[in-house]
Structures are given as C-alpha cells and as structure tokens.
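Worksheet for the structure shown next.
The values are calculated or read from the model by the stated rules, or taken from the named source; none is laboratory data. A quick note: this is a predicted structure, and the numbers were derived from the prediction, not measured. FYI the Cβ positions are ideal-geometry reconstructions off the backbone, even for glycines, and counts take in every protein chain you see. For accessibility, only protein heavy atoms count, side chains too; no ligands or nucleic acids. Shrake-Rupley method; radii C 1.70, N 1.55, O 1.52, S 1.80 Å.
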Amino acid sequence: MGENTSGSGDSGGLVLVLNSGSSSVKFALLTPASGQRVLAGMAEKVGTPGAELRIQRYPDHVVTEQLPEGHYQAVISRILDCLPGPGSGASGPAQAPLIGAGHRVVHGGERFTASVLVDDEVIAVIRSSSHLAPLHNPANLAGIEAVRAARPDLPQVAVFDTAFHQTMPPGAYRYAVPEEWYTRYGVRRYGFHGTSYRFVSERAAVLLGRPLSELRLVIAHLGNGCSVAAVRDGVSVDTTMGLTPLEGLVMGTRSGDVDPGVFGYLAERAGLGIDELSEALNTASGLQGLSGVSNDMRTVEAAAAEGHERARLAVTVFVHRLAKAIVAMVVGLERLDALVFTAGIGENSAAIRSHVLERLGFLGLTEDPEANARHGRDTRGRISLGGPAVAMVVPTDEELMIARDTARLAEAGWR
C-alpha cells in the first residue's frame, strides 16, 4: 500500500502536522509550499490531569495553558480550536483554509511503502502493526482518532517512518533467523527516520546541483535517536535501525547494537527479566549509560572537554560506531558521492563531525575546518575540502515533508 508523493503540495492552504507520543503531542501549522510556520507547540503529560499545552504563534507570541481533561481527545480538540481560520481577522497565510492533518506514524510494517490518506482500512493496518511499535503506534492512532472525532470531514494522512526503507533488498533487511520468525511474526529490519531521509536526500541533491537519481549518499541522522542510511539513486538500500529503533548506533539513551546473548547472560547472572533488560537498553543506555552525565551530546561534550573520563569514553564510542556504520553503508552504494550529516547532533556538533571525518580520509573525505565550524552555512552545506566525495550538513525538516505529503494526497482525494 503506497503512493508516489514527490512534489511540493502547493495548495494555498494550511496543514496541521501532528506527532502524537505516549505522553505528548507535538504540532505545527504550516504552509506546505514554503514551510512557513503559523503556529506550533507541544502538549505534555497527556493522559493525566496535569496536561499542559504550550502554543507559539509566530513570530514570538507564546502562551501556556493547563488542560485538566488531559486525554488525547481533549488535547487535540483544544489544538484544533486554537487554529486561525478565514474568519480570525489575521492576515497572510493564517487566513488560508485548513486542508488536512498529517500524522507521523512510526511503524507501517511491510504494508505501507509511502504516505497514505487515512481511512478505516489504514487505521486497521496501523493498529495491527502496533506490536512492532507498542510505545508509538497506539499513540499515533490516538491522535488520528481524536482528529477524526473532532473534524470528521478533514482529510488525514499517515506518514510512516518505515516507508522509505521498503525499497531495501532482502540481503539488507532479512535477519539470519528461523524462517517462521519472518513469515509468521514479521521479524526483519524495517528502518526508521524515513521522512527525514527523504527530505534530506532531496535537499542534498539541490545543494549539489545534481539529479537525486544519479547520487550515492550516506546520510547520518543524529539526534536523541540516531541512524545511518544508504540512499542510492534516490531510494534506500540499507540502514542501521532494524525491527525496532534500538538497533544500530549509540543514541541518547538507547544502546544500539549489543550481543543478543546479553539477555541470557544477565538473566542468569543478575536475575533480570526481558522487560527489565529491554527497558535498560532503551532508556538507561547509550550516551546516558556510558557517560553517567546526560543523554544530551552537548552536555556530554562539555563534560568530556573538562576531563570527565566517562564522558570522553561516551564520545569515543559514539564516534567509533558511527564511523564504522558509515563505511558499512558504502557497501550498498558501490561509490560515495556525499556523506550528509543531519538532525540535532549532525547539524550542530562540529566536533563530532570532525572526529568522524578524521577516520574517513580513505573514502576521499577531508575536513574543511572553517566550513565545518560554520556548519556549512556559507558553502551550500559543504564541510570538506575538494575530493572524490563531499561531506555536507543539511538541516532536516520532517514536519515540512509531512505537510507536503498531506497537501498532495488531500488534493488528490478531493478530485
């Protein structure tokens, strides 16, 4: 199930983008063609009487309000009530109509290969995939159903983290496990951050002045969650995350790759159960577990600079695993045209990028220290010296990609 979603989606209307989590709802109201934000904010402590909604009306008006009825329906209804409309008296894009709501959905399994208009069938499939993302899909669905209840005629679009990676060949997505695990339980590598990879790969092609269909890119999405993907001629051919977002790189609180034997070993030696082990690997590991300082790379880097040994170790392990993954991704490309850094760490940590590039000279990548220090802002993203491949910084904008998919599919649904 999927549809080609290339293009800008310039409808003249506004799109509400929602990212519903287990206890929060992040939202933005924007113009799909330009990316101009009209409204943005976040509801926290959703599902509790202490729910709080923070709203920013651009450029700089911010209000916070309490929501005693803190369930998803109340939160989403309040967000919808706050949206400016044609009768609001506002000028500019705020007067444009709301044409759709786009939702980030973490896991689409093998069924969804692109963004889709939400209907009863789509809701049922998302629900049936919830066992693959038990902390995320039910919350994503709660957001969809809350909008449906409040605005039943408003087109909604589901944009899946996993969809972009459905082009991976079996050699990249299959695990070497009993066949029944795959055929009956869907145990395979799905990959995540797909919306970011789509946006960044398209933007990198523009900055490079080359067709995306001819480029071989390795993209490192480095935030609290981290992954690397190989994008060959515009499609994903490999990535580091797997069945869940736990596999792969060292992340803020996630361990990334560990020997699966650690489960049996710690069950016997420490008496830990599967739930306890999974919780520790997801929430108490990564930068947090290694450094003992923070899950935030900025704090870890500062501590390392002051001589904190565990923080130094955390940076070293993070960089080693990242550089190793980047090299591994080149296998599926046969050549490397560009290494692209994106997301919070990737866009803002010149030191991490420098450490990684030190290890990748054999790929034809040599840091340009001045360009790297400026995060590539004056060099069309480039942070490396001349060579067969280029290293770049390309800011991601997942909300804009979701908005454009939503506008395009909403328009198609009206025709």
Restricting the stretch 228-258 to residues that are within 21 Å of V390 (Cβ to Cβ) and over 15 Å from the mean Cα position of the chain (by Cα), the one surrounded by the fewest Cβ atoms within 10 Å (Cβ to Cβ) turns out to be D233
_Residue within the stretch 367-375 that is at pLDDT 95 or above and closer than 13 Å to A220 by Cβ present_ = no
message: Among the residues of the stretch 382-389, are any of a type outside the set (F, W, Y), open to solvent by 10 Å² or more (accessible area, probe 1.4 Å), part of a helix (DSSP H, G or I) and farther than 23 Å from M168 by Cα?
response: no
Of the conditions (1) small (G, A, S); (2) more than 19 Å from the chain's Cα centre (by Cα); (3) within 22 Å of G252 (Cβ to Cβ), the single one that G225 does not satisfy is (2)
When you check A230 against the structure, is it at pLDDT 95 or above, in a helix (DSSP H, G or I), within 27 Å of L336 (Cβ to Cβ) and among the small types (G, A, S), yes or no? no
Quick one: is G186 surrounded by fewer than 23 Cβ atoms within 10 Å (Cβ to Cβ), among the small types (G, A, S) and touching a residue at least 60 places away in the same chain (Cβ under 8 Å)?
yes
Scanning the stretch 115-145 residue by residue, those of a type outside the set (S, T, N, Q) and either touching a Leu at 6+ places or on another chain (Cβ under 9 Å) or at positive phi (or both) turn out to be V116, L117, I123, I126, R127, L132, G143, I144
Looking for something closer than 22 Å to E347 by Cα and in a strand (DSSP E or B) - is there at least one such residue anywhere in the stretch 201-217? yes
Filtering the stretch 192-227 down to residues that are buried (at least 23 other Cβ atoms within 10 Å of the Cβ) and among the charged types (D, E, K, R) yields R198
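Yes/no matrix, rows are residues, columns are (1) farther than 30 Å from G381 by Cβ; (2) more than 15 Å from the chain's Cα centre (by Cα); (3) open to solvent by less than 60 Å² (accessible area, probe 1.4 Å):
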| position | (1), (2), (3) |
| --- | --- |
| E110 | yes, yes, no |
| D119 | yes, yes, no |
| S128 | yes, yes, no |
| R151 | yes, yes, no |
| A163 | no, no, yes |
| M168 | no, yes, yes |
| Y173 | no, yes, yes |
| W181 | yes, yes, no |
| Y190 | no, no, yes |
Note on the stretch 128-142: residues in contact with a Ser or Thr (Cβ under 8 Å, 6 or more places away or on another chain), assigned to a helix (DSSP H, G or I) and over 10 Å from V105 (Cα atoms) are L132, A142
Of all helices (runs of 4 or more DSSP H) fully inside the stretch 240-355, the set with 1 or more residues that are farther than 21 Å from V106 by Cα and in contact (Cβ under 8 Å) with a residue 40 or more places away in the chain is 286-291, 297-305, 309-330, 343-348
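Every residue, every condition in (1) of a type in the set (V, I, T); (2) free of Cβ contacts under 8 Å to residues at least 40 places away in the same chain, yes or no:
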residue	(1), (2)
A150	no, no
P155	no, no
A158	no, no
A163	no, no
Q166	no, no
G171	no, yes
V200	yes, no
- Does R54 count as touching a Leu at 6+ places or on another chain (Cβ under 7 Å), closer than 23 Å to E398 by Cα and at pLDDT 85 or above? no
Given the conditions (1) out of contact with any helix residue (DSSP H, G or I) (no Cβ under 6 Å at 6 or more places or on another chain); (2) assigned to a helix (DSSP H, G or I); (3) in contact (Cβ under 8 Å) with a residue 12 or more places away in the chain, every one holds for G376 apart from (2)
